[in-house]
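Undergrad: Let me begin by handing over the structure; questions about it come next.
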Amino acid sequence: MAEAADHYLWLVQLDIPEELEAEFNHIYDTEHAPAIAKVPGVIEVQRYVLETPVAGMQKYATTYRVTSPDLPQTPAWIAASAKGQWKTKISPHVVNARLSMFRAMP
């Protein structure tokens, strides 16, 4: 496993319309996250849901521990992200997306 200072955290925060939440969670858990987790350089994928609603804060967050800050723009990541139903059924409905890359501190 990579040392703390040798990895990055890709934080993806987003909202999805309420009527699509069940399908969103199913596709994310069974297709999208497992496909991304197989990309070389992905250390860990963890999903979160906001415990208590806060105005202006996205309801869903996913953290991807990765070995390179460029990994989400690589052909392997892009191909994995396009697998399954994510690109056609979910991605067009994602709103308030915030994407942030953090570098681990030594």
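Undergrad: Give me GLU31, GLU23, GLU51 ranked fewest to most by other Cβ atoms within 10 Å of their Cβ, as a rough exposure proxy.
TA: Ascending number of Cβ neighbours within 10 Å: GLU51, GLU23, GLU31.
Undergrad: Now, a different point. Sorting THR63, THR30 on the 10 Å Cβ count, fewest up front, what's the list?
TA: THR30, THR63
Undergrad: Multiply the residue separation of HIS93 and GLU51 by 0.36 nm, subtract the distance between their alpha-carbon atoms, and state the gained length in nm to one decimal.
TA: My answer for the length gained is 12.9 nm.
Undergrad: Along Cα→Cβ, 7 Å out, is where each label goes; now give me the distance between the ones at ILE43 and GLU19 in nm to one decimal.
TA: Label at ILE43, label at GLU19, 4.2 nm between them.
Readers should treat all values here as calculations from the given coordinates under stated rules, not as data from a laboratory. Being a predicted model, the structure only gives us computed values, none of them experimental. Neighbour counts are summed over all protein chains in view; Cβ atoms, including those assigned to glycine, are modelled from backbone coordinates with ideal geometry.
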